[in-house]
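Participant: The structure under discussion is supplied below as structure tokens; questions concerning it will follow.
The values are calculated or read from the model by the stated rules, or taken from the named source; none is laboratory data. Note that the structure is predicted; figures quoted are calculated from it, not measured. Note that each Cβ is placed from the backbone with ideal geometry, even for glycine, and that neighbours are counted across all protein chains shown. These area figures cover heavy atoms from the full protein model, side chains too; ligands, DNA and RNA do not enter into them. Shrake-Rupley method; radii C 1.70, N 1.55, O 1.52, S 1.80 Å.
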Amino acid sequence: MPLERNPSTGELFLRLPAPYTSLILTPPRPDAPAIQAILRDPAVYTWLGRPSSNFSFEDAQRLLGEYTAAANAALDALKDDETEAGALKPMEDCPVRCLREVQPDGSDAFVGHIGFKRCKWFELGLDSDTAATRNGEQRERLVKENDARVTGDPDIVWQVSYYLSPTHHRRGIMTVVLRTLLDEWAIPRMCMRHIHVSVFTGNEGSVRMLEKCGFVRTGTMERCIEVRGERRSLHVLDWERAD
Ligand SMILES: CC(C)(COP(=O)(O)OP(=O)(O)OC[C@H]1O[C@@H](n2cnc3c(N)ncnc32)[C@H](O)[C@@H]1OP(=O)(O)O)[C@@H](O)C(=O)NCCC(=O)NCCS
């Protein structure tokens, strides 16, 4: 298993490869203050749908609650993750999702988050040949079909969301986080084969990061969503596992 266990706390973690070995992914902890500080920063919230400069401590606690529920379900599933034949059972989620920077004295600080979910966003086709906006009924049917697939079905379409503290932007970190999670966890343990992501136009960092991880831009939906009182456009990017 790529996950290690901290000998003093028993917490599972995944260390990033060199030269990023001071960064680890862990399950959530009482991270609400750090989450609030990062998501109130315009360099981050401008590119996300939900938060804003008004993002409160209670909002951060609610979000942390979502992260914790997902990570706990994965940690529970890990307790009984072998079939009778000794093979590993497929997982629905990843138990580690909070990115922390470990200091020389052993303490660490929350610097970002990444999480996978079954895709809820089927506005566009999954390849450029079918890149037409779908209607509400088509989208609802696709979400239902996607949710009904059993854990480990390689036809599940996933989405991924992530953010990093502005203090750590543009050092190659999220590229390595996503690549590592795909290679070490999502592909081998979640049988991931398709990811469908939408990114606000103008978010060059996110688009470039996804492209470096093998995502391909499949379309743009112009002025398709209202966020904080403004009509915004979205690029759609898709990733298909290379078999
Ligand atoms: C998107 C985000 C996670 C990228 O993380 P990161 O660790 O800074 O990205 P990386 O350093 O791995 O950069 C990947 C590539 O994008 C480029 N890039 C990063 N930020 C950029 C920016 N603001 N403008 C242009 N290019 C940028 C890098 O130069 C690199 O390309 P290169 O190797 O060709 O030079 C980070 O900018 C962030 O948290 N943004 C706010 C939240 C957000 O946008 N979340 C995603 C919503 S879809």
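Participant: Taking the stated definitions as given, is residue 86 within 25 Å of residue 243 (Cβ to Cβ) and in contact with a Pro (Cβ under 7 Å, 6 or more places away or on another chain)? Talk me through it step by step, then tell me what you get.
Facilitator: On the way: within 25 Å of residue 243 (Cβ to Cβ): yes; in contact with a Pro (Cβ under 7 Å, 6 or more places away or on another chain): no.
It is false that residue 86 is within 25 Å of residue 243 (Cβ to Cβ) and in contact with a Pro (Cβ under 7 Å, 6 or more places away or on another chain).
Participant: Taking the residues in the range 33-65 that are in contact with a Leu (Cβ under 6 Å, 6 or more places away or on another chain) and within 12 Å of the ligand (Cβ to nearest atom) as candidates, determine which candidate is modelled with the lowest pLDDT.
Facilitator: In this case the residue turns out to be 51.
Participant: Taking the options 108, 76, name whichever one is within 20 Å of the chain's Cα centre (by Cα) and of a type in the set (Asp, Glu).
Facilitator: Numbers: 108 fails: within 20 Å of the chain's Cα centre (by Cα).
None of the others qualify; the one that does is 76.
Participant: Specify which of the listed residues (177, 207, 160) is in contact with a Gly (Cβ under 8 Å, 6 or more places away or on another chain) and part of a helix (DSSP H, G or I). Working first, answer last.
Facilitator: Numbers: 207 fails: in contact with a Gly (Cβ under 8 Å, 6 or more places away or on another chain); 160 fails: part of a helix (DSSP H, G or I).
None of the others qualify; the one that does is 177.
Participant: Filter the range 154-170 for residues that are more than 9 Å from the ligand (Cβ to nearest atom), touching a His at 6+ places or on another chain (Cβ under 7 Å) and of a type outside the set (A, V, I, L, M) and give the result.
Facilitator: Those that are more than 9 Å from the ligand (Cβ to nearest atom), touching a His at 6+ places or on another chain (Cβ under 7 Å) and of a type outside the set (A, V, I, L, M): 158, 159.
Participant: If you check residue 154 against the conditions, is it in contact (Cβ under 8 Å) with a residue 12 or more places away in the chain and within 20 Å of residue 238 (Cβ to Cβ)?
Facilitator: yes
Participant: Please go through the range 91-120 and pick out each residue that is open to solvent by 30 Å² or more (accessible area, probe 1.4 Å), in a loop (DSSP other than H, G, I, E, B) and closer than 28 Å to residue 20 by Cα.
Facilitator: 92, 103, 104, 105, 106, 107
Participant: Next question. Would you confirm whether or not the range 189-196 contains a residue that is assigned to a helix (DSSP H, G or I), more than 24 Å from residue 146 (Cβ to Cβ) and modelled with pLDDT of 95 or more?
Facilitator: Step one: list which residues in the range 189-196 are assigned to a helix (DSSP H, G or I), which gives 189-190.
If we keep only those that are more than 24 Å from residue 146 (Cβ to Cβ) too, we end up with none.
Checked against the condition, which is being assigned to a helix (DSSP H, G or I), more than 24 Å from residue 146 (Cβ to Cβ) and modelled with pLDDT of 95 or more, the range 189-196 yields no hits at all.
Participant: Over 13 Å from the mean Cα position of the chain (by Cα), of a type in the set (Val, Ile, Thr) and more than 16 Å from the ligand (Cβ to nearest atom), is that true of residue 173? Spell out the reasoning first.
Facilitator: Details: over 13 Å from the mean Cα position of the chain (by Cα): yes; of a type in the set (Val, Ile, Thr): yes; more than 16 Å from the ligand (Cβ to nearest atom): no.
Spelling it out, it is not the case that residue 173 is over 13 Å from the mean Cα position of the chain (by Cα), of a type in the set (Val, Ile, Thr) and more than 16 Å from the ligand (Cβ to nearest atom).
Participant: For the range 18-36, how many residues are in contact (Cβ under 8 Å) with a residue 12 or more places away in the chain and either open to solvent by 50 Å² or more (accessible area, probe 1.4 Å) or not in a helix (DSSP H, G or I) (or both)? Walk me through it before giving the result.
Facilitator: Narrowing the range 18-36 to residues in contact (Cβ under 8 Å) with a residue 12 or more places away in the chain: 20, 22-36.
This time we only want the ones that are either open to solvent by 50 Å² or more (accessible area, probe 1.4 Å) or not in a helix (DSSP H, G or I) (or both), so: 20, 22-31, 33.
Number of matching residues: 12.
Participant: State which residue is surrounded by the most Cβ atoms within 10 Å (Cβ to Cβ) when the search covers only the range 1-17 and only residues that are among the charged types (D, E, K, R) and not in a loop (DSSP other than H, G, I, E, B). Please lay out each step first, then the result.
Facilitator: First, pick out the residues of the range 1-17 that are among the charged types (D, E, K, R): 4-5, 11, 15.
When the remaining residues are screened for being not in a loop (DSSP other than H, G, I, E, B), the result is 4-5, 15.
Numbers: 4: 12, 5: 11, 15: 16.
So the residue we want is 15.
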